[in-house]
Amino acid sequence: MKLGDTEKALLLGLVGIAAVVLVFMYVAKPNYEQVQTINSEIIQLESRLAELNQKQANREQYIADTDQFNADFEEVLNAFPADMNQEITVMFLDGVKKSNDFSLDSLEMGQKEQFYTLGQGGADASLGGTAADTAGTTEAGTTEAATTEAASTENAASGDALTEEETVGDDAAFKCYRAIFPISYYGSYSSLKDVINYVGGYSDRMTINSLDVKYDNEGDLYSGELELYCYSVESSERPERQLDLNEVEIGVNNIFNTGVGGSSGTDKESGLNKYDENDGAAIESSYDFYAMLNASTSDVSAKVAGQNGAGKEASVISNSDNDVSTLTFDFYEKDGKNYCKYTLDDVSYEAEVTSSEDVKVLLQSSARKNDDDKAGIRVTIRNTTKLPVYVKISGDDSVSPRVDIASQTGSVKVYK
């Protein structure tokens, strides 16, 4: 079949159109799309370049802000100890008693538990703790937020050592721990305030979770329950503290009333053994200050305190109340001389210490007449002088003693 000129022209036109379509589909369109992609990348890169240039212009400010943030973080982190162990806890509790007219009836050393990991947000951050625990440590801007009220725990065990529960996360993470310490106490109103200030200013981070106070009107004493929460932030990047135990006394005496009773290895090493023979019996015949206790129904005052020696009648203070009074002996230096200020309830007397070697105090007690005989004293002895103070308790009731040594600080030895 022979095509005419018209058919040839038409066929040639179709071939040309097909060629144009093929060129557009396989050459022009991909090139166009590639150009569009490149232009889009150029726009993104130009935006990124502008952002980087802006950051470069503010580089010094960013570095300064980062350094400030790291310093603020370290400041908050350093407010928490890097470890929590039994030795440090015992030293804290011993400091509570030594630094204050405060006595501990009982205490429990709680179980150490992890409740948070720094750097983890949301629900994953809390390890069995409450919302209060989580909120307490997410606000890293202040140290106060890290110690907000913590929920109570049922893991405290009396007399147990601090034990660590299974923790989560790598060793380099900052893990937050807590332990609860329930304490039964008694002491004066001022000592209770001092202990609260002592806790608030202590180097290790802790809070008072609850405080129960009861007042004994007869003895003018406060007692109750104190619940402490102790905190630490631990990590392999924060080494444990090294304890200096060179000045910590060792021995077999009662750690809650150090020095009461006979001599120990510590007393001999420190030189407080001068009157150890017969448990200080020599003090009964030669003493500098005294207190005498009798029944309130006797012919003399129930409680008498004073300075021994001729012409010392003005130094005598007394009362005949049939209850427990507080008696405090404060030995201190003033104007190059040593003084003793003794206070029976709210009556005080200051006397110069005449002895140059030591100070001897006799607490002469007596047996109780009957169950209605309530007269007694709770004694506090504080010594900041260079002289040792020896105290002898004599003639006290063997079943219901009238004399209770509430606390003692400084170089003091008590014989019974």
Rank these residues by their accessible area, most exposed first, probe 1.4 Å: Lys341, Lys214. Lys214, Lys341
Residue-wise HN-Hα coupling along the stretch 401-416, computed from phi with Karplus coefficients 6.51, -1.76, 1.60 (Hz; x: Gly, Pro): x, 7, 9, 10, 7, 6, 6, 8, 9, x, 7, 9, 10, 10, 10, 10
Once every Cα of the stretch 332-394 carries one equal point scatterer and solvent is ignored, give the base-10 log of I(q)/I(0) from the Debye formula at q = 0.14, 0.21 Å⁻¹, two decimals. -0.52, -0.96
Largest first, please: the extent of the C-alpha atoms of the stretch 272-416 along each principal axis, to the nearest Å. 46, 33, 28
What are the ³J(HN,Hα) values, in whole Hz, obtained from phi via the Karplus relation 6.51 cos²θ - 1.76 cosθ + 1.60 with θ = phi - 60°, for each residue of the stretch 351-356 in sequence order, with x given for Gly and Pro? 9, 6, 7, 8, 6, 9
Past the 29 Å Cα-Cα mark, which pairs from Lys341/Lys369; Lys112/Lys416; Lys334/Lys416; Lys337/Lys392; Lys193/Lys341; Lys214/Lys360? Lys341/Lys369; Lys112/Lys416; Lys334/Lys416; Lys214/Lys360
Kirkwood Rh over Cα pairs of the stretch 373-415 into Stokes-Einstein at 37 °C, 0.692 mPa s: D in µm²/s? 285 µm²/s
Please work out the FRET efficiency for the pair Tyr349 and Asn217, using the Cβ-Cβ distance as r and a Förster radius of 30 Å; give the result to the nearest 0.05. 0.75
Additional length obtainable on full extension of the chain from Asp372 to Tyr202, 0.36 nm per residue less Cα span: 56.8 nm
Karplus-derived HN-Hα couplings along the stretch 300-311 (A = 6.51, B = -1.76, C = 1.60, θ = phi - 60°), whole Hz, x at Gly and Pro: 10, 4, 5, 9, 9, 9, x, 9, 7, x, 5, x
Along the Cα→Cβ direction, 7 angstrom out, place labels at Gln68 and Asn322. What is the inter-label distance in nm? 7.2 nm
Counting only protein heavy atoms and leaving out ligands, DNA and RNA, the solvent-accessible surface of Leu118 at a 1.4 Å probe, in Å² to the nearest 10, equals 50 Å²
Given the Cα-Cα distance of Leu49 and Met25 and 0.36 nm per residue of separation, how much length would full extension add, in nm? 5.2 nm
Restricting things to Cα coordinates, could you compute the convex hull volume per residue of the stretch 20-63 in Å³? 42 Å³
Could you tell me the ratio Rg/Rh of the stretch 300-376? Both radii from Cα atoms, Rh via Kirkwood. 1.02
Cα→Cβ-extended label distance, 7 Å offset, between Lys334 and Asn58, nm: 6.4 nm
Which GluC sites (Glu not before Pro) in the stretch 335-416 pass both tests, a DSSP loop state and at most 13 other beta-carbon atoms within 10 Å? Glu357
Can you give the FRET efficiency to the nearest 0.05 for Ser286 and Ser210, using r as the Cβ-Cβ distance and R₀ = 51 Å? 0.55
Percent of C-alpha pairs per 5 Å bin, the stretch 192-236, short to long: 5, 17, 24, 20, 13, 10, 6, 3, 2, 1, 0
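The values are calculated or read from the model by the stated rules, or taken from the named source; none is laboratory data. If you're wondering where the values come from, they're calculated on a predicted model, not measured in any experiment. In this analysis, Cβ positions are derived from the backbone assuming ideal geometry, glycine residues included, and neighbour counts consider all displayed protein chains. When the accessible area is computed, the model is the full protein with side chains, heavy atoms only, and any ligands, DNA or RNA have been set aside. Shrake-Rupley method; radii C 1.70, N 1.55, O 1.52, S 1.80 Å.
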